[in-house]
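Dropping a structure here in structure tokens format, bear with me for questions.
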Amino acid sequence: MHNLFNAVSEIIYPLHCGGCGSKGDTLCKHCVTSFTFVEDAAACPLCGRWIGKKIVCGECIEEERGFQEGHYGFYFENRLRDAIHAFKFNGRIDVGRNLIHLLKDNIVCFSEKFDCIIPVPVTNKRLKERGFNQSFIIGEEISAITDKPLHHSVLYKSKSTKDQYALHRDERKRNVKGVFSVKNGDKIKGKRALLVDDLFTTGYTAKEASRMLLKAGAESIIFFALARTPS
């Protein structure tokens, strides 16, 4: 009965690719093959910037990141950018889940380095507008892959902020300063936490969130973003 329901649903509401909009798949093969994956062995181990080898880049030497290690899925460009926009702004949760599963092997490779998963939160206003927190969806999928607990209520936004993508670099830094708070800190005390977000740009959001988690007693922070802007 379940398979019949799915078959009928696909006839009435056919799937459209989150990248190019073509019918047939959540993510079509053409779009998937166009995605540029971030290779840990060829990128900065903190920010994911492509260098050609695994060394800390000049910007990360100068800029304290707050987290001790970073992992990234894709470079935010072309069809991948369209797919993430579909996920984040058009409610295509299926696209987000599929993107994470494309990264399953990479995630498993560093899964022994963290004990729990913390999604970067959104405000209640933003949650009502979109109906979901995209970072929670990412964290949920990573939890299913690694069998590590997801603590969605530990980190929260105590005040509203503007969208980071709409701001200049200095404005982004001011925009997130002091916006995060921690509750139920006992869940992360002495734990190695994986902080997850959908996109890494300047790194200010990750830095501020990491700072608060460490202040609350986390042993260390690893950061994961579904994508990072190309250098």
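So Gly217 ticks every box in (1) of a type outside the set (Phe, Trp, Tyr); (2) out of contact with any Lys or Arg (no Cβ under 6 Å at 6 or more places or on another chain); (3) closer than 15 Å to Asp115 by Cβ but one. Which box is left unticked?
If we test Gly217 against (1) of a type outside the set (Phe, Trp, Tyr); (2) out of contact with any Lys or Arg (no Cβ under 6 Å at 6 or more places or on another chain); (3) closer than 15 Å to Asp115 by Cβ, just (2) comes out false.
When residues of the stretch 58-92 are filtered for being of a type outside the set (Asp, Glu) and within 18 Å of Ile221 (Cα to Cα), how many remain?
Total meeting the criteria: 10.
Do we find a residue being closer than 28 Å to Ser181 by Cα, touching a residue at least 60 places away in the same chain (Cβ under 8 Å), outside any helix (DSSP H, G or I) and touching a His at 6+ places or on another chain (Cβ under 9 Å) anywhere in the stretch 36-49?
Checked against the condition, which is being closer than 28 Å to Ser181 by Cα, touching a residue at least 60 places away in the same chain (Cβ under 8 Å), outside any helix (DSSP H, G or I) and touching a His at 6+ places or on another chain (Cβ under 9 Å), the stretch 36-49 yields at least one hit.
Taking the options Ala166, Ala216, name whichever one is modelled with pLDDT of 95 or more and either surrounded by fewer than 18 Cβ atoms within 10 Å (Cβ to Cβ) or among the aliphatic types (A, V, I, L, M) (or both).
Ala216
Still on this structure, please answer the following. Restricting attention to the stretch 40-53, report how many residues are over 19 Å from Leu103 (Cα atoms) and of a type in the set (Lys, Arg).
Looking only at that region, the number is 1.
Determine whether Phe89 is at pLDDT 95 or above and among the aromatic types (Phe, Trp, Tyr).
Criteria not met by Phe89.
Within the stretch 210-231, which residues are in contact with a helix residue (DSSP H, G or I) (Cβ under 8 Å, 6 or more places away or on another chain) and either farther than 16 Å from Lys187 by Cα or hydrophobic (A, V, I, L, M, F, W, C) (or both)?
Those that are in contact with a helix residue (DSSP H, G or I) (Cβ under 8 Å, 6 or more places away or on another chain) and either farther than 16 Å from Lys187 by Cα or hydrophobic (A, V, I, L, M, F, W, C) (or both): Ala216, Ile221, Ile222, Phe223, Phe224, Ala225, Leu226, Ala227.
Still on this model: Given Thr123, Thr205, which one is at pLDDT below 95, farther than 20 Å from Glu59 by Cα and β-branched (Val, Ile, Thr)?
None of the others qualify; the one that does is Thr123.
Something else now. Mind checking which residues of the stretch 43-70 are over 20 Å from the mean Cα position of the chain (by Cα) and not acidic (Asp, Glu)?
Ile51, Gly52, Lys53, Lys54, Ile55, Val56, Cys57, Gly58, Ile61
When you scan the stretch 57-159 for helices (runs of 4 or more DSSP H) that lie fully inside it, which ones turn up with 3 or more residues that are free of Cβ contacts under 8 Å to residues at least 24 places away in the same chain and either surrounded by 15 or more Cβ atoms within 10 Å (Cβ to Cβ) or not acidic (Asp, Glu) (or both)?
58-62, 124-130, 134-146
The values are calculated or read from the model by the stated rules, or taken from the named source; none is laboratory data. Keep in mind that what you see is a predicted model, and the values were worked out from it rather than measured. Virtual Cβ from ideal backbone geometry, glycine too; neighbours counted across all protein chains shown.
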